[in-house]
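Participant: The structure follows.
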Amino acid sequence: MSKDIQYRKMTIEDIPAVVEIEQESFAIPWTMEVFEHEMTGNDYAHYVVAVDGQEVIGHCGMWIVLDECHITNVAVRPHMRGNGIGEALMREAMTLCEQMEVRLMTLEVRLTNDTAQNLYRKLGFQDGGIRKNYYTDDHEDALVMWVEFK
């Protein structure tokens, strides 16, 4: 892994790479059209990307409404996983939220995704509840997690 990974705000030009990462990561990935709308038509949407050289290798999306943030998606290219990139993306998102005076961040995670749950707990997230049949591909339940900023 390159030590030159940079984290920055996502641009329109990043969308094709982000869609590829979605397709590599999720059973029902977000489409090009969804990301185009997020970037051009959703004032609440904020995205950060991880870039290794010229390659976008991860992204984290969030909706910030007033003083609350909802993480919409976090994904890292499969060949780059396990290198702390997901954690760094989440920390970038948390830093942005603190700068915008957000007081609460929340997300949903599959009940079977222990790796992600452990990462979120490491970042201070707490379990909040269960959303039954949350995922449309297999109707798996989601664990709601949240963290409050000081």
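Participant: Take the alpha-carbon centre of the stretch 36-65, take the same for the stretch 83-150, and report the distance between them in whole Å.
Facilitator: Using only Cα atoms, the two centres lie 16 Å from each other.
Participant: List the residue ranges in the chain for DSSP H helices whose C-alpha atoms run 18 angstrom or more along the long axis and whose Kyte-Doolittle average is -1.0 or above. Show your work: numbers first, answer last.
Facilitator: Working: long enough: 85-99 (21 Å, 0.16).
Span-like helices here: 85-99.
Participant: Would you calculate, for the chain, the mean residue ellipticity at 222 nm contributed by helices, counting each DSSP H stretch of 4 or more residues as -39,500 (n - 2.57) and dividing by all residues, to the nearest 500?
Facilitator: Values: 4 runs with 45 residues, N = 150.
After summing the helix terms and dividing by the residues of the chain, the value is -9000 deg cm²/dmol.
Participant: Can you give the local net charge around ALA27? Use residues other than it whose beta-carbon is closer than 14 angstrom to its beta-carbon, Lys and Arg +1, Asp and Glu -1.
Facilitator: Around ALA27, the charge tally is -4.
Participant: Once fully extended, how much extra length lies between LYS122 and GLU13, figured as 0.36 nm per residue of separation less the alpha-carbon to alpha-carbon distance? Show your work: numbers first, answer last.
Facilitator: Values: separation 109, 0.36 × 109 = 39.24 nm, distance 3.21 nm.
Working it through step by step, the gained length comes to 36.0 nm.
Participant: Looking at the chain, what % of its DSSP beta bridges pair antiparallel, to the nearest 5?
Facilitator: Working: 33 of 36 bridges.
Given both bridge residues lie in the chain, the antiparallel proportion sits at roughly 90 percent.
Participant: So if R0 is 30 Å, what FRET efficiency would GLU36 and LYS150 give, r being the distance between their Cβ atoms, rounded to the nearest 0.05?
Facilitator: Numbers: r = 36 Å, r/R0 = 1.19.
After rounding to 0.05, the efficiency reads 0.25.
Participant: Right, next: Relative to the compact globular guide of 2.2 N^0.38 Å, what is the alpha carbon radius of gyration of the chain, as a ratio?
Facilitator: My calculation over the Cα atoms of the chain gives 0.99.
Participant: Tell me the volume per residue, in Å³, of the convex hull enclosing the alpha carbons of the stretch 1-78. The partial results should precede the final answer.
Facilitator: Values: hull volume 6.9 nm³, N = 78.
So the per-residue Cα hull volume is 89 Å³.
FYI, it's all coordinate maths here, none of it is from the lab. Here the structure is a predicted model, which is why all the values come from computation and not from measurement. Reconstructed Cβ throughout: ideal geometry from the backbone, glycine too, with neighbour counts over all protein chains shown.
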